[in-house]
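Please treat every number below as a calculation from the coordinates, not as lab data. These numbers come from a predicted model, not from an experiment. We place every Cβ from the backbone using ideal geometry, glycine too, and count neighbours over all the protein chains shown.
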Amino acid sequence: MVEVKLHDVGEGMTEGEITQYLVNVGDHVKIDQPLVEVQTDKVSAELPSPVAGTVKEILAEVGEVVTVGTTVIVLEKEGAAVTPHESKASQEKEEPVSFTIKINKGRAERQSERVLATPYTRRIALENKVDIEQVSGTGPAGRVTDEDVFRFMKEGPSKTVEETSHEEAQQTTEPVSEKKEEAAPVRAGKTIPYRGRRKQIGKKMTHSLMTIPHVTHFDEVDVTNVMKLREELKAEGIKPVSVASFFIKALVFALKEYPVFNAVLDEEKEEIVLKEEYNIGLAADTDEGLIVPVVQGADRLSITGINDEMKRVMKLAKENKLSKKDLSGGTFTVSNVGPLGSTGATPIINHPEVALVAFHKTKKMPVVIDDEIVIRQMMNMSMSFDHRVADGATAVAFTSRFAEFIENPTKMMLEMM
Amino acid sequence: MTTKTMTEVKTNKLTLVQAVTDGMRTMMKEHDDILVLGEDVGQNGGVFRATEGLVHEFGEDRVIDTPLAEAGIVGTSIGLAINGFRPIAEMQFLGFVYPAYEQIMTHASRIRSRTMSKFSVPMVIRAPYGGGIRAPEIHSDSVEALFTHMPGIKVVVPSNPYDAKGLLIAAIEDPDPVLFMEPMRSYRAFKADVPESKYTVEIGKAATLTEGEDVTVIAWGNMVSVAQKAVEQMSGDGVSCELLDLRTLYPLDRETIVESVKKTGRVVIIHEAPETGGAGNDVMALINDEAFLYLRAPMTKVAGFDAPFPFFALEEEYLPTPARVKHAIKEAVTF
């Protein structure tokens with residue numbers, strides 16, 4: 001028998017959710033044939049069959065979260081009767097992780113949600129029989145405060161919607177050191193599991209916002225000329241390109257002039273590391289939540305090339321088929337929320353990057369040019385940056401340079417020479 | 001201040017060093033077995049005049065000028081103590097105690113356990129200590145932690161004239177060796193009412209100098225006045241500090257410390273000794289053991305630096321200041 005175990009499909013993952021089985025018990029499978037689809041924090045991966053044979057057992061259920069090393073499927077190897085000795089050897093060869101203990105869900109949940117709280121707060125929780133790990137913190141760095149514990153006792157868990165400890169917590173006695181107050185009962189509806197991609201997004205955002213001092217500045221850009229140019233090209237029968245591809249090209253040029261925004265801060269070494277590659281991440285909204293595929297080497301691509309690459313990764317994002325490569329190596333992130341209708345935002349930086357820009361809705365506006373009121377296509381943009389690495393003046397200079405390229409696309413041509 | 005002066009008691013306004021002299025005189029009058037030994041303690045009256053006049057009052061047999069040999073002073077005192085005397089050995093500065101350390105460590109502190117209580121060593125080692133008087137480096141050492149680590153010897157540090165006399169008398173009466181540390185910077189810094197008669201301040205009892213709700217500030221010796229300034233200024237900012245003067249570093253007053261921390265949930269400890277291995281660490285450990293679940297913020301320390309005491313041009317930089325203490329208090333209350 002050969003045990004197919006969940007292995008680390010990349011970036012040191014520890015668990016994954018079984019989304020679907022591609023085979024049934026009794027099916028004959030070929031070597032490398034996909035057996036099961038697993039959703040990790042970032043990607044959806046298929047586990048291929050290590051041998052040709054027959055599916056004997058399916059051990060984990062769809063929807064179950066399994067840890068790396070857990071046996072998911074048992075196969076019977078094709079061919080002559082397999083001696084136990086051989087089976088063991090092949091097993092070890094396929095998967096070095098030897099333990100096959102099924103995850104204890106409750107315990108894993110607790111470990112990953114170790115909360116911050118002072119001993120004093122922990123005592124309040126202890127005396128009131130509140131599991132402090134279930135309380136969401138509102139204090140500095142997400143620390144659970146005394147008030148959070150009291151609120152939990154009164155209202156029950158508001159953010160943690162899962163698990164049975166929920167009910168237990170609500171049955172606890174009244175706060176020891178707080179007056180009893182009648183809370184208006186709010187009926188709980190459907191619960192949404194907070195895990196997988198959603199939880200990963202939550203973690204990443206919290207980490208970024210807690211560790212990077214964010215500053216956001218706003219600017220407006222006249223995109224009329226780029227729109228016009230795009231139409232002209234189209235009229236000449238050239239394959240249409242999106243406005244966003246122009247934006248990305250212009251951003252790359254601006255980044256080359258202000259490389260501090262295409263960088264990471266290495267706090268340990270006390271260095272700002274300027275990146276030589278221009279890999280532009282695109283914040284993509286998918287059914288599963290936010291994911292950031294990367295247009296690799298945007299500086300080496302033509303505007304059409306950027307357009308094609310953007311289309312490709314966005315399509316894969318929607319289909320949840322992004323490869324690890326498509327998701328890694330980003331040096332700067334763009335959030336194009338214009339098509340969704342936003343006019344301003346304070347975006348959170350894609351840690352460990354230094355900055356992020358969001359493009360907002362483009363609309364026709366009356367604008368004064370040469371003392372005349374004219375109608376132009378105007379777009380707002382927001383730029384969040386790490387104030388440890390750069391100051392406001394540099395950020396403004398950066399977006400101004402970007403606007404210059406967009407407002408006068410021929411200037412971009414000079415950069416292309 | 002816990003300086004409890006009953007109205008009927010006749011008092012004198014004394015400095016801390018005068019209170020020390022007064023304590024010795026009071027006890028020497030009552031008990032012939034009390035002797036004073038040290039460098040220049042006789043005719044000269046001691047380097048800080050702490051023994052001034054005693055030789056005239058009690059004679060050279062009881063106030064004995066010794067050679068410059070700290071190991072000899074302490075060793076002789078140990079012998080006298082075992083044989084029925086109650087010697088008071090003076091170190092000119094605590095930083096000069098190192099040659100005598102072997103005598104204290106190997107003999108004074110453990111004769112009681114070594115002889116299964118057949119003998120005890122009822123002696124007091126008086127030692128001025130601490131910085132801030134522009135003395136050269138070793139003169140300014142604050143090495144109380146060397147002695148709190150040694151079972152068998154008590155470590156006492158008064159911060160004001162009343163406590164100085166009361167604690168010194170208690171130390172002389174104690175059947176075991178007591179290191180009596182005298183904060184030099186406070187020697188003549190201020191005067192207070194000190195009863196003329198004999199009284200004691202219990203060894204092992206801390207004093208609650210100001211009561212408060214928000215944070216417990218713990219200090220001893222010279223650092224009490226620094227802490228007091230900070231605490232007063234913080235009360236102007238609406239932070240209510242409870243100031244404890246430990247008075248005895250070994251044994252610690254567990255009850256007072258723990259009760260205060262349970263009340264406030266926050267702790268700032270101040271000592272002028274270097275931070276690493278300082279006596280403040282034991283206070284922290286005690287709180288960790290007995291009041292952990294009451295802490296609302298990490299315990300903090302304001303201490304000297306892990307460097308030899310600097311020459312006088314830099315000593316004010318080295319010593320904790322009210323500003324540093326205030327900063328620590330703010331950190332604790334806003335954590």
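Couple of notes before you dig in:
- Comparing B:Val41, B:Val143, B:Ser240 along the charge dipole axis of chain B, the residue lying farthest to the positive side is B:Ser240, per the Cβ-charge model.
- Prolate/oblate/rounded label for region A:303-359 (Cα gyration tensor, a/c 1.5): oblate
- Region B:218-255-region A:322-385 distance, computed between alpha-carbon centres (Å): 56 Å
- Once the mean of 1/r is taken over each pair of separate Cα atoms and inverted, region B:207-334 shows a Kirkwood hydrodynamic radius of 14.4 Å.
- Restricting region B:96-153 to trypsin sites (Lys or Arg not before Pro) in coil, as DSSP defines it, with at most 10 other Cβ within 10 Å: B:Lys118
- In this structure, the pairs whose alpha-carbon distance is over 28 Å, taken from A:Lys129/B:Lys301; A:Lys203/A:Lys324; A:Lys321/A:Lys364; A:Lys154/A:Lys190, are A:Lys129/B:Lys301; A:Lys321/A:Lys364.
- Residues whose placed amide H lies under 5 Å from that of B:Ile269, excluding near-sequence neighbours: B:Ile218, B:Thr300, B:Lys301, B:Val302
- Listed by chain and number, the lysines whose C-alpha is less than 25 Å from the C-alpha of B:Lys29, apart from same-chain residues fewer than 8 away, are B:Lys4, B:Lys10, B:Lys13, B:Lys154, B:Lys165, B:Lys191, B:Lys198.
- Nonlocal amide H pairs with B:Leu249, under 5 Å, H built at 1.01 Å: B:Val155, B:Val156, B:Val157
- Cα gyration tensor category, rounded, prolate or oblate, for region A:212-415 with a/c compared to 1.5: oblate
- Karplus 3J(HN,Hα) series, Hz, for region A:369-375 with 6.51 cos²θ - 1.76 cosθ + 1.60 (x for Gly, Pro): 10, 6, 6, 10, 8, 10, 9
- Working note: Karplus 6.51/-1.76/1.60 with θ = phi - 60° gives region B:107-121 the couplings 10, 3, 6, 10, 5, 4, 6, 5, 9, 6, 6, 5, 10, 10, 10 Hz, where Gly and Pro are set to x.
- Sequence-distant lysines (8 or more away, or on other chains) whose Cα lies within less than 27 Å of A:Lys361: A:Lys204, A:Lys228, A:Lys234, A:Lys239, A:Lys249, A:Lys256, A:Lys311, A:Lys315, A:Lys318, A:Lys411
- Global form of region B:26-78, assessed from the alpha-carbon gyration tensor, a/c cut-off 1.5: oblate
- Across chain B, C-alpha contacts under 8 Å between residues 6 or more apart give a mean separation that, scaled by the residue count, equals a relative contact order of 17 percent.
- Under 5 Å, built H, 5+ apart or other chain: amide partners of B:Asp40: B:Thr66
- Given in Å, the Rg to one decimal and the Dmax to the nearest whole number for the Cα atoms of chain B are 19.4, 60.
- Per-residue average of Cβ from other chains inside 10 Å of A:116-125: 4
- Taking the average, over residues, of other Cβ atoms within 10 Å as the packing measure, peptides B:48-57, A:270-279, B:13-22, A:367-376 rank B:13-22, B:48-57, A:270-279, A:367-376 from highest down.
- For region A:212-415, the relative contact order is 31 percent, taking Cα pairs closer than 8 Å that sit 6 or more residues apart in sequence and dividing their mean separation by the residue count.
- Taking other C-beta atoms within 10 Å as the exposure proxy, A:Leu116, B:Leu68, B:Leu168, A:Leu282 rank B:Leu68, A:Leu116, A:Leu282, B:Leu168 from fewest upward.
- Sorting A:Leu316, B:Leu252, A:Leu356, A:Leu340 by the number of Cβ atoms found within 10 Å of their own Cβ, with the fewest placed first, yields A:Leu340, A:Leu316, B:Leu252, A:Leu356.
- Degrees, to the nearest 10: B:322-334 long Cα axis against longest axis of chain B: 40 degrees
- Among B:Ile269, B:Ile287, a tally of other beta-carbon atoms within 10 Å of each Cβ gives an order, fewest to most, of B:Ile287, B:Ile269.
- Phi-based couplings in Hz for region A:292-297 (Karplus 6.51, -1.76, 1.60; Gly and Pro marked x): 10, x, 10, 8, 6, x
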